[in-house]
Amino acid sequence: MNLNADVGEGAGEDESILACVDSANVACGVHAGSLSITIATAWRCRKLGVEVGAHPGYDDRAGFGRVERSLSGDEIEALVAFQVAGLAAIVPLAYVKPHGALYHRCQRDAAAADALARVAQAYGVGLVGQPGFEIQAAADRAGIPAYREGFADRLMLPDGSLAPRGQSGAVLNPEVAAEQAVSLARSGRYDTICIHGDTKGAAQVAEAVRRALRDAGIETTPLTR
């Protein structure tokens, strides 16, 4: 099993989170954070031996990349390519995982997912997405690795998608997140489990999840090694 986290968004807990995870979805300075934060985070990952994935998002700082922008497939491809290229110039990349509204758009929109896959294919890396949705299908069509993702800190609906953040109980506390992570790891349906780095108390969640997986005898490793 792999444990990943969204980082580089300027949320303030990255240092503690990176001590707990195998892979880091590093924001590319567009939906949040800054170019200097992206660079520093990527370098920190390299120093710690944490695998780096690109975490591109919509150009929407006001909405933290969580508002749908209704871009065309070509516009999505250009936006993602711009962000991935910048991060790839700093450190080697292991995969691409979009952020927020772009992630959810690509999960349900085959054309958007194919645009995402073309960028990942150009860099010889795979995609991270929830099983049974379009990101996984696009990776298969492109002949690149598809890594199945579950979420430790969010309420997951029966189809595997995430409950809306505004819904009561959608964001899980550290204890519940740790229990869910172990359940996801034991299910055999997932390759990686995510922790959102911008959630309040994210470092506590990361520590609780790491400890619970270890206590359950579940080894965690980078996705691509």
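Of note:
- Close Cβ contacts (under 9 Å, 6 or more residues apart or on different chains) running from residues in the range 95-107 that are closer than 12 Å to Phe64 by Cβ to residues that are part of a helix (DSSP H, G or I) comprise Leu102/Ile76; Leu102/Leu79; Leu102/Val80; Leu102/Ala112; Leu102/Leu116.
- Whichever residue in the range 147-162 is of a type in the set (Asp, Glu) and under 22 Å from Asn25 (Cβ atoms) and, among such residues, is surrounded by the fewest Cβ atoms within 10 Å (Cβ to Cβ): Glu149
- The range 123-151 residues that are at negative phi and in contact (Cβ under 8 Å) with a residue 60 or more places away in the chain, paired with ones that are crowded, with 23+ Cβ neighbours inside 10 Å and among the basic types (Lys, Arg) (beta carbon under 7 Å, 6 or more apart): Val128/Lys97
- Only a single criterion out of (1) free of Cβ contacts under 8 Å to residues at least 12 places away in the same chain; (2) in contact with a Gly (Cβ under 9 Å, 6 or more places away or on another chain); (3) closer than 28 Å to Gly160 by Cβ is not satisfied by Ser36, namely (3).
- Some residue of the range 43-54 being within 24 Å of Pro145 (Cα to Cα), among the basic types (Lys, Arg) and over 14 Å from the mean Cα position of the chain (by Cα): yes
- Beta carbons closer than 6 Å, at least 6 apart along the sequence or on distinct chains, pair a first residue in the range 178-199 that is closer than 22 Å to Asp14 by Cβ with a second that is hydroxyl-bearing (Ser, Thr, Tyr) and crowded, with 22+ Cβ neighbours inside 10 Å for Thr192/Tyr147.
- Per the listing Ala89, Ala32, Ala85, the residue uniquely farther than 21 Å from Tyr123 by Cβ and of a type outside the set (D, E, K, R) is Ala32.
- Residue among Glu149, Glu75 that alone is part of a strand (DSSP E or B), more than 24 Å from Ile39 (Cβ to Cβ) and of a type in the set (Asp, Glu): Glu149
- Scanning the range 168-225 for residues that are modelled with pLDDT of 95 or more, acidic (Asp, Glu) and in a loop (DSSP other than H, G, I, E, B) returns Asp191, Glu219.
- The range 180-190 - residue that is surrounded by 16 or more Cβ atoms within 10 Å (Cβ to Cβ) and not hydroxyl-bearing (Ser, Thr, Tyr) and, of those, farthest from Glu134 (Cα to Cα): Val182
- Of the residues in the range 163-178, not one is out of contact with any Asp or Glu (no Cβ under 6 Å at 6 or more places or on another chain), surrounded by 14 or more Cβ atoms within 10 Å (Cβ to Cβ) and charged (D, E, K, R).
- Of the residues making up the range 42-72, those that are charged (D, E, K, R) and either touching a helix residue (DSSP H, G or I) at 6+ places or on another chain (Cβ under 8 Å) or outside any helix (DSSP H, G or I) (or both) are Arg44, Glu51, Asp59, Asp60, Arg61, Arg66, Glu68, Arg69.
The values are calculated or read from the model by the stated rules, or taken from the named source; none is laboratory data. Worth saying up front: this structure is predicted, and the values here are computed from it rather than measured. Note: ideal-geometry Cβ built from the backbone for every residue, glycine included; neighbour counts use all protein chains shown.
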